[in-house]
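Where a number appears in this text, it was derived from the coordinates with a stated rule and is not lab data. Source: prediction; values computed, not measured. When we count neighbours, we look across all protein chains shown, and the Cβ atoms used for this are built from the backbone with ideal geometry, even at glycine.
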């Protein structure tokens, strides 16, 4: 089997897995928005925002170092030393943070969680487990154990859906939902540890390469923190300025727009490993070709998806949540969908800076973007409400992409075919017009509109020669076992 076909099949497998993860958020919407008070649903959103933030800081960028430095290693001794050195540091950092958070549960809850210190006490061990889980799944990613990666990520997603839903539907409220997450994370993290030990055994680390790993990983922490501030800090600011109920109104539209990331995530998952191999082999043409094709793939999928999800936002939210949430939150979706497109372009352009080990530049870019986003949020949310938060996020992503493209072009020129982009936009506009004429309401009508819209876009792209029949034949060949 060719290297390209193996890569493409892995991308497809990760795509299915990440689609399941993204759809789990949609599954939660009707259960949580209808099963919890709007204030508690807002707190649930802030809990998940916190889970997305803290591990990225506590882990010190070391999972990224593992991917960068161990991916090409075949020596089992080096793998053991590298992994267990990183594991020990994260175990220590995560444990210390969880203990401090538990002891400071009351003041933290007063500031961010409506005084719910009981939730903070449950959140502290969950954050510790999230740190370990992030490292362990990156171990599978590092050594391209994609099938196993997909199994564990899917297992955790399914357990999350089952346990959280059961606790909420049984009447245990927000505490039950958090307990469901805790039970799921505990079981899957334990299973991952067993799997790693089976593969490489147990090793007492000497921290031989820790300085090198930290030198690479630490500069990515400001980038992680800043990108989180761009993506998620608006929920904290909305909660502080407007109250947790408005976080509940804001989040469903955000979740819906965020489905665009599911389309792009398999590409971002596999792209670094492929680029590292090409770069380390001094294949400049290979790197340039992969980046160009990645941008083309991204735009060809994300533009019509953003158009479709934006136009269908109100009927989807009305079906999955409550009329009040749908009427307040449907305008959030287009802003998030546009943000996703620019973030996708940034993620591809940013790989150039990672290859050149200019991670400090990435950190600086996201620091600027985060500062601009927080400033705009503080300025616009009091006057524009949750729409101001969505607009601020979009502006931050556009700025981050523009700066990243500027610096990346110093090493590799980013090329986007203007004719291809025009064909994507024209085909998406035709698809959008058809969706507006259909005016779908209800589950069956929405599903039909999605299928008809996707078919219209594909047909228009074929007619305009934005894609050719050979592209489709290649795709079918990749997917065929």
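For residue 145 and residue 452 in one chain, what is 0.36 nm times their gap in residues minus the Cα-Cα distance, to one decimal in nm?
Details: separation 307, 0.36 × 307 = 110.52 nm, distance 3.62 nm.
Result: 106.9 nm gained on full extension.
Taking 0.36 nm per residue of sequence separation and subtracting the Cα-Cα distance, how much length would be gained by fully extending the chain between residue 175 and residue 78, in nm to one decimal?
Numbers: separation 97, 0.36 × 97 = 34.92 nm, distance 4.28 nm.
Going from the current span to full extension adds 30.6 nm.
Given Cα pairs under 8 Å that are at least 6 residues apart, what percent is the relative contact order of segment 36-212?
Values: 181 pairs, mean separation 53.2, N = 177.
Once divided by the residue count of segment 36-212, the mean separation gives 30 percent.
How much length is gained if the chain between residue 110 and residue 34 is pulled fully straight, taking 0.36 nm per residue apart and subtracting their Cα-Cα distance, in nm to one decimal?
Additional length available on full extension: 24.8 nm.
What is the fewest-to-most order of 384, 66 by other Cβ atoms lying within 10 Å of their Cβ?
Arranged by neighbour count, lowest to highest, 384, 66 become 384, 66.
Go through 317-325, 430-438 and give me the packing order, highest mean Cβ count within 10 Å leading.
Put in order of decreasing packing, that is 317-325, 430-438.
Grab the beta carbon distance between residue 463 and residue 289, set R0 = 25 Å, and tell me the FRET efficiency rounded to 0.05.
About 0.40, to the nearest 0.05.
What is the fewest-to-most order of 41, 330 by other Cβ atoms lying within 10 Å of their Cβ?
Result, fewest neighbours first: 330, 41.
Starting from the Cα gyration tensor of segment 316-437, take the square roots of the eigenvalues, sort them a ≥ b ≥ c, and report rounded, prolate or oblate (rounded when a/c is under 1.5, otherwise prolate if a/b is larger than b/c, else oblate).
Here segment 316-437 falls in the oblate category.
What is the mean projected area of the alpha carbon convex hull for segment 36-212, to one decimal in square nanometres?
Averaging across all directions leaves 10.4 nm² for the Cα convex hull.
When the helices in the chain are scored as -39500 (n - 2.57) per DSSP H run of 4 or longer and the sum is shared across all residues, what 222 nm value do you end up with, to the nearest 500 deg cm²/dmol? Each step should come with its number before you reach the end.
Working: 21 runs with 412 residues, N = 481.
-29500 deg cm²/dmol, from helical runs alone.
Considering Cα pairs under 8 angstrom that are at least six residues apart, work out the relative contact order of the chain and quote it in whole percent. It would help to have the intermediate numbers written out before the result.
Working: 641 pairs, mean separation 94.9, N = 481.
Dividing the mean separation by the residue count of the chain yields 20 percent.
Arranged by the count of other C-beta atoms within 10 angstrom, fewest first, what order do 297, 424 take?
Neighbour counts put them in this order, fewest first: 297, 424.
Distance in nm between label sites at residue 206 and residue 413, each 7 Å beyond Cα in the beta-carbon direction?
Calculated label separation equals 4.9 nm.
Under the classification rounded if a/c is under 1.5, otherwise prolate if a/b is larger than b/c and oblate if not, where does segment 189-230 fall, given a ≥ b ≥ c as square roots of the Cα gyration tensor eigenvalues?
oblate
How would segment 164-243 be classified by its alpha-carbon gyration tensor: rounded, prolate or oblate, with rounded meaning a/c under 1.5 and the a/b versus b/c comparison settling the rest? Intermediate values should be presented prior to the final figure.
Details: a/c = 4.50, a/b = 1.26, b/c = 3.58.
It comes out oblate by the Cα gyration axes.
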